[in-house]
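Below is one structure, written out as structure tokens; the observations come after it.
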Amino acid sequence: MPLPRPQAAPLLSSRPTPTPRLLRALAPPRRALVVSSPLLGFASAEARGLAAPLRAVVSADHREPEMEAGRPLRVGLICGGPSAERGVSLNSARSVLDHIQGEDLVVSCYYIDSAMNAFAISPAQLYSNTPSDFDFKLESLAQGFHSLSDFADHLSTNVDIAFPVIHGKFGEDGGIQALLEKANVPFVGTPSKECQCAFDKHSASLELDIQGFLTVPNFLVEKDKLAKPELEAWFQTINLCKENGKVIVKPTRAGSSIGVVVAYGVNDAAQKAEEIISEGIDDRVIVEVFLEGGTEFTAIVVDVGTANNSEPVALLPTEIELQRSISSDDTTEDTIFNYRKKYLPTQQVVYHTPPRFPAEVIDCIREGLSLLFRRLGLHDFARIDGWFLPSPVTSLPSAENSGKFGNTKYGIVLFTDINLISGMEQTSFLFQQASAVGFSHSRILRTVVQHACSRFPSLVPVMNKFFVPCKNAWTNLSKKLRSSKQAEAIHKGTSRQKVFVIFGGDTSERQVSLMSGTNVWLNLQGFDDLDVTPCLLAPANGYFSSHDQDFNDISREVWTLPYPLVLRHTTEEVHAACVEATQPERVEITSRLREQVMNELGPPLSKHDWFAGFDIAYEQPIKYSLQQWINHVKEAGAVVFIAVHGGIGEDGTIQTLLESAGVPYTGPGPIASRTCMDKVATSLAVEHLTSYGVHTIPKDVRATEEVLKPSIIDIWNELKAKLRTETVCVKPARDGCSTGVARLCCPKDLEVYTNALRRKFQRLPANCLSRAHGVIEMPVPPPESLIFEPFIETDEIIISNKLENGNARHLVWKGENGWLEITVGVVGKDGEMHSLNPSITVKERGDILSLEEKFQGGTGINLTPPPATIMSEEALQRCKESIEVMANSLGLEGFSRIDAFVNVRSGEVLLIEVNTVPGMTPSTVLIHQALAEEPPVYPHKFFRTLLDLAFERAK
């Protein structure tokens with residue numbers, strides 16, 4: 001246990017308010033961060049210490065400053081919407097903002113809530129975990145528009161081109177497009193009329209049939225018009241058994257597989273169709289043949305033609321390999337590509353780009369996609385899904401389809417769903433497929449925007465004399481990109497600082513680690529003076545072969561990854577892609593197809609003076625043993641950014657190896673890491689800080705073997721007596737990120753938990769304990785010891801809906817016992833740690849924050865900083881000072897995250913745990929907290945600050 005550091009803060013009452021001097025340190029030049037901050041009065045870029053100015057382009061009275069010729073292009077980024085996909089939309093918008101901003105392009109951000117109210121928002125709000133994080137604050141936080149018409153009028157005078165990133169209803173059904181068309185606002189994407197046809201699955205199917213494509217037989221069910229006899233007749237027509245014939249039931253106008261279910265027979269199909277309608281997902285539903293034995297694929301199509309001549313090119317398609325769940329709660333729904341499989345890490349889906357189909361089939365898919373794109377009148381880009389069926393399907397009549405497009409000697413190709421606004425999260429299909437043919441995130445997005453611009457002769461209303469034609473802005477951009485390419489070629493003769501970002505590992509936190517590492521890598525690679533390499537830490541024999549082994553007893557390997565292979569949802573998938581990428585036959589196929597697509601893209605794109613070329617070179621992954629990798633890092637004179645959560649990434653092992661080799665790295669050193677990894681050791685290390693407002697929770701530590709013994713009742717009674725509690729919180733002694741953390745209320749709960757450990761379950765299903773809860777990720781293999789603590793009851797915080805009397809949505813908090821759960825990042829040098837603004841964690845379900853609620857968009861609410869109505873400024877400062885004393889006493893440096901309970905009246909804290917390698921995903925609370933600093937610190941600057949701290953420590 002480390003002793004208190006002499007640098008620790010003096011008595012809290014006498015300590016001045018800390019300043020974020022480290023966060024304001026100037027960083028070396030990078031691609032400029034140029035975003036707008038409409039109406040929110042953010043400080044100037046110079047005052048905020050950012051690498052480049054944030055240019056405000058919206059003012060309260062809509063006045064526009066004089067603009068010189070060649071000024072930046074103004075893009076209005078529109079996200080949110082009324083559908084259940086608005087959380088994904090927020091993630092997509094954040095990714096677009098990250099990658100298109102620059103000195104040549106200014107971004108204004110707009111949000112449409114579920115009630116169809118439009119707001120001009122701060123770009124900082126795009127880094128929220130979910131719309132719920134700020135929906136209830138919109139009336140006071142952002143500029144609202146009286147109507148959508150007023151919003152469109154605002155866009156017509158304040159942006160040059162709109163970029164809608166609204167998925168599903170209103171975004172892809174022609175709604176937002178019609179609004180923009182009426183106001184004469186140029187926009188990225190397909191016109192409203194064509195969107196209406198393509199988005200509705202039934203209408204699209206009819207149109208595809210007319211256009212000569214093979215289609216999947218389907219039956220339309222409309223609200224209040226379901227006729228079972230007609231549905232039964234349809235089953236007979238396509239040779240499906242009316243009792244148990246397998247079909248897919250899905251809304252006609254919903255994306256992201258929302259509402260898509262499997263049904264068996266007429267009665268089940270009718271019931272599920274009515275459920276979709278009654279739930280309000282859609283009032284039109286189609287029942288569709290289940291394509292048994294088929295393989296789903298998806299592909300991005302980009303238009304590279306001129307304004308009057310569409311020339312769509314399909315990128316490399318992705319095969320979607322679905323695998324049945326091996327968990328005990330497996331259901332038939334595992335056989336469809338549903339919402340969870342699309343957006344959350346799961347081992348039930350694997351992607352292959354390009355598909356493992358015969359070459360003729362891939363050619364057929366790509367040819368059909370281009371043909372479909374052109375015939376349906378799509379614009380700029382789209383994602384189109386389909387199926388390849390290698391064997392005949394009895395429900396697809398062959399005679400009448402023999403002349404349709406999609407027949408090959410290897411089977412048939414079907415196109416099913418058309419996505420007018422493809423998902424644009426960091427690892428989305430758009431970026432996976434674009435990077436496979438030479439486009440970085442930035443280059444493919446800018447190509448799409450640039451192409452959209454080329455379709456509008458004049459992007460700026462004539463009424464504003466200060467506007468200049470868009471062509472001037474893009475001509476300057478073209479010159480800038482060309483000159484930067486030349487400069488980069490010259491720069492190769494000089495040395496850029498090598499940085500290795502390592503992520504993955506073999507703990508239950510490895511998927512979050514992949515997200516963290518990917519986010520760090522993407523943010524750091526924009527700096528011109530850095531050469532950043534992503535690296536995967538994996539078991540030496542691979543994940544699947546080592547599943548039942550004790551990971552602590554096996555060696556590790558590290559793969560240095562080429563750009564496209566990072567963009568995956570799971571570490572298992574990244575590893576499998578690495579192995580696949582080194583197989584000669586697969587390498588030959590991928591290289592040939594990549595070259596083919598690039599040859600189709602290159603000539604038409606080169607006709608545009610704004611195209612700056614491809615910027616991702618083809619590389620192969622390289623495998624090292626862990627020690628070989630450390631030697632390689634040392635020889636390169638590199639610094640390591642550690643993003644491995646749990647295990648050897650957080651227990652001091654990697655830190656010790658790097659320190660022994662003299663390699664600088666981010667985060668705390670070995671001693672602090674080892675201490676904080678052990679929750680008991682952490683409590684012992686700070687138990688003397690009571691006078692500083694720091695307290696610890698009583699603990700009972702037991703060997704897992706002891707808990708697995710059959711005397712459940714005896715153990716439960718012992719825990720209640722020792723901890724003096726009726727409700728117990730259990731957690732592994734050396735795991736983080738809510739892994740294995742559960743609330744136990746009775747002996748039966750303890751039995752369910754221990755049974756999961758005994759049987760090595762990867763997760764506990766939602767609501768399997770006596771109180772409601774989400775999915776609980778479990779540590780595999782089981783931990784050596786478990787910690788039992790009294791469950792701390794906190795005050796409930798509720799986000800209210802808008803009231804009938806017109807009052808705004810607001811927080812409801814009774815403050816009965818005054819304790820709330822917080823998480824807070826600390827940043828700085830050893831002995832000089834600075835506390836960021838804490839975040840109050842609001843659980844949307846259950847008592848323990850799930851892994852998804854902590855790190856995934858779509859669930860969980862964070863209040864950053866704590867609202868003044870809940871916690872006074874004095875209590876907040878005392879809380880931050882207590883956190884800093886704790887951080888300095890533990891010997892933390894670089895950055896870490898501390899989870900605690902706080903008394904909102906006194907500011908005293910009750911320690912939960914310390915994470916020395918905290919989550920760094922795009923929507924993590926660390927990002928919220930850095931943005932809540934004064935001045936705000938944006939993600940790229942935040943990660944660069946952490947890297948600079950590693951450099952400084954090494955010196």
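The values are calculated or read from the model by the stated rules, or taken from the named source; none is laboratory data. Everything numeric here is computed off the predicted structure, so don't read it as measured data. Note that we place each Cβ from the backbone using ideal geometry, even for glycine, and neighbour counts take in every protein chain shown. Note: areas computed on protein heavy atoms with side chains; ligands, DNA, RNA excluded. Shrake-Rupley method; radii C 1.70, N 1.55, O 1.52, S 1.80 Å.
Before moving on, here are some points about what is shown:
- Checking the stated criteria, residue 660 turns out to be surrounded by fewer than 16 Cβ atoms within 10 Å (Cβ to Cβ) and more than 30 Å from residue 583 (Cβ to Cβ).
- Qualifying residue in the stretch 221-228 (condition: within 19 Å of residue 204 (Cα to Cα), in contact with a helix residue (DSSP H, G or I) (Cβ under 7 Å, 6 or more places away or on another chain), of a type outside the set (Lys, Arg) and at pLDDT 90 or above): yes
- Tally of residues being free of Cβ contacts under 8 Å to residues at least 60 places away in the same chain and under 26 Å from the mean Cα position of the chain (by Cα) across the stretch 753-765: 1
- Condition met for residue 718 (closer than 13 Å to residue 745 by Cα, open to solvent by 70 Å² or more (accessible area, probe 1.4 Å) and not basic (Lys, Arg)): no
- Hey, residue 646 open to solvent by less than 10 Å² (accessible area, probe 1.4 Å), within 21 Å of residue 515 (Cβ to Cβ), at pLDDT below 95 and not polar (S, T, N, Q) or not: yes
- Filter result (among the hydrophobic types (A, V, I, L, M, F, W, C) and out of contact with any strand residue (DSSP E or B) (no Cβ under 9 Å at 6 or more places or on another chain)) within the stretch 615-673: 616, 617, 657, 661, 671
- Some residue of the stretch 817-835 being within 30 Å of residue 515 (Cβ to Cβ), surrounded by fewer than 23 Cβ atoms within 10 Å (Cβ to Cβ), touching a strand residue (DSSP E or B) at 6+ places or on another chain (Cβ under 8 Å) and at pLDDT 95 or above: yes
- Odd one out for residue 113, checked against (1) over 30 Å from residue 866 (Cα atoms); (2) surrounded by fewer than 22 Cβ atoms within 10 Å (Cβ to Cβ); (3) of a type in the set (Asp, Glu): (1)
- Selection of first residues in the stretch 825-837 that are on the phi > 0 side of the Ramachandran plot and of second residues that are hydrophobic (A, V, I, L, M, F, W, C), restricted to Cβ pairs under 6 Å at least 6 apart or on distinct chains, gives the following pairs, ordered by first then second residue: 828/22.
- Candidate set: the stretch 134-172, residues that are buried (at least 24 other Cβ atoms within 10 Å of the Cβ) and in contact with a Lys or Arg (Cβ under 6 Å, 6 or more places away or on another chain); chosen: the one farthest from residue 124 (Cα to Cα): 160
- Complete set of residues in the stretch 784-799 that are within 18 Å of residue 866 (Cβ to Cβ) and either at pLDDT below 75 or open to solvent by less than 60 Å² (accessible area, probe 1.4 Å) (or both): 792, 794, 795, 797, 799
- Only one entry in 254, 273, 299 is crowded, with 23+ Cβ neighbours inside 10 Å and in a loop (DSSP other than H, G, I, E, B), namely 254.
- Residue check for residue 726: open to solvent by 20 Å² or more (accessible area, probe 1.4 Å), assigned to a loop (DSSP other than H, G, I, E, B) and over 24 Å from residue 509 (Cα atoms): yes
- The stretch 687-701, subset open to solvent by less than 20 Å² (accessible area, probe 1.4 Å) and either farther than 30 Å from residue 878 by Cβ or not aliphatic (A, V, I, L, M) (or both), residue modelled with the lowest pLDDT: 700
- Scanning the stretch 292-321 for residues that are more than 13 Å from residue 382 (Cα to Cα) and aliphatic (A, V, I, L, M), we see that the one that is modelled with the highest pLDDT is 316.
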